[in-house]
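Single-structure report; data block below.
The values are calculated or read from the model by the stated rules, or taken from the named source; none is laboratory data. Fair warning: this is a prediction, and the values are worked out from it, not measured in the lab. Note: ideal-geometry Cβ built from the backbone for every residue, glycine included; neighbour counts use all protein chains shown. These accessible areas exclude ligands, DNA and RNA; they are computed on the full protein's heavy atoms, side chains included. Shrake-Rupley method; radii C 1.70, N 1.55, O 1.52, S 1.80 Å.
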Amino acid sequence: MTPAERAARYIPSGVQTYSKAPSRYPEGAPQFIAHATGAYVVDVEGREYLDYVSGLGAIILGHQDPDVDAAVRDQLNRGICFPTATEIEGELAELLCEIIPCAEMVRYAKNGVDATSAAVRIARAATGRERIGSTGYHGYSDWTIAHQNPKGVPDSCREVLWPVRYGELEALEALFTYPPKVPACLIMGPVVNANPVLPPDGYLQGVRDLCTKYGVILIFDELVTGFRMHLGGAQTLYGVTPDLACFGKAMANGYPISAVVGRRDLMNLLDE
């Protein structure tokens, strides 16, 4: 049995995420990676490739960055799962609040969908509303995947999730006013990640103004743009500050961590 046959027999599609499926890559791309250093990966047959995909976007310092990996090894020697907090959590939170415009408080999670789901829940708690306005892809949870891949998703999720196209302010205002059920939040990537599209002039500020006008919590999903377009995210680059924002593994060069950051009054709802 070949490695590909073994993987396909015991793993759906032979990969752990659709983004890694062979169908997502051109013919001749490696299916199994043996090791990686810097900007390059080496497959199981010893062939070297430039990792243009950058570990699905999370490897922004290169594979096996010596400073990052040394810090991880040091922490492994101290332990990784404690019953109470560690000092480094507060140190990182303070740093994030210094560099990200919307950040007044921070809550960590393990992956991107944990962060986006937490942000949506905060918005619902703050507004008392259930509907979600959404632009783009924000993970594999029921609330965000309902219209893109409805397999196994309750009908109720499709009723509360309202997609709106990127770049269309008139459509966004229509979402906020008709039907007459203002959503709790609008969650969006400030830049379109698939087939990248930069925001039209004035678009992000227009989104910010509409959310303020209608009392909608604006959430920037910066899992892709965060620490890449600017250290403080696309919100710093474009000068538009959301109420909440989500950041992912890029802050740890691929290690499993994410964060929700945002206004103090909203973040404090996590303690109530």
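Per-structure values
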{"item": "Among the candidates L270, L266, L231, residue that is touching a Lys or Arg at 6+ places or on another chain (Cβ under 9 Å) and touching a residue at least 24 places away in the same chain (Cβ under 8 Å)", "result": "L270"}
{"item": "Residue count, the range 234-249 (criterion: modelled with pLDDT under 95 and either aromatic (F, W, Y) or open to solvent by less than 10 Å² (accessible area, probe 1.4 Å) (or both))", "result": "1"}
{"item": "Checklist (1) hydrophobic (A, V, I, L, M, F, W, C); (2) modelled with pLDDT of 85 or more; (3) farther than 20 Å from A250 by Cα applied to A4, failing item", "result": "(2)"}
{"item": "Subset tally (residues that are open to solvent by less than 90 Å² (accessible area, probe 1.4 Å) and not in a helix (DSSP H, G or I)) for the range 73-129", "result": "14"}
{"item": "Residue selected from the range 20-57 under the condition among the acidic types (D, E) and part of a loop (DSSP other than H, G, I, E, B), by the criterion least open to solvent (accessible area, probe 1.4 Å)", "result": "D51"}
{"item": "Some residue of the range 144-156 being farther than 21 Å from A259 by Cβ, part of a loop (DSSP other than H, G, I, E, B), open to solvent by less than 40 Å² (accessible area, probe 1.4 Å) and not β-branched (V, I, T)", "result": "yes"}
{"item": "Yes/no for V53 being modelled with pLDDT under 95 and within 24 Å of the chain's Cα centre (by Cα)", "result": "yes"}
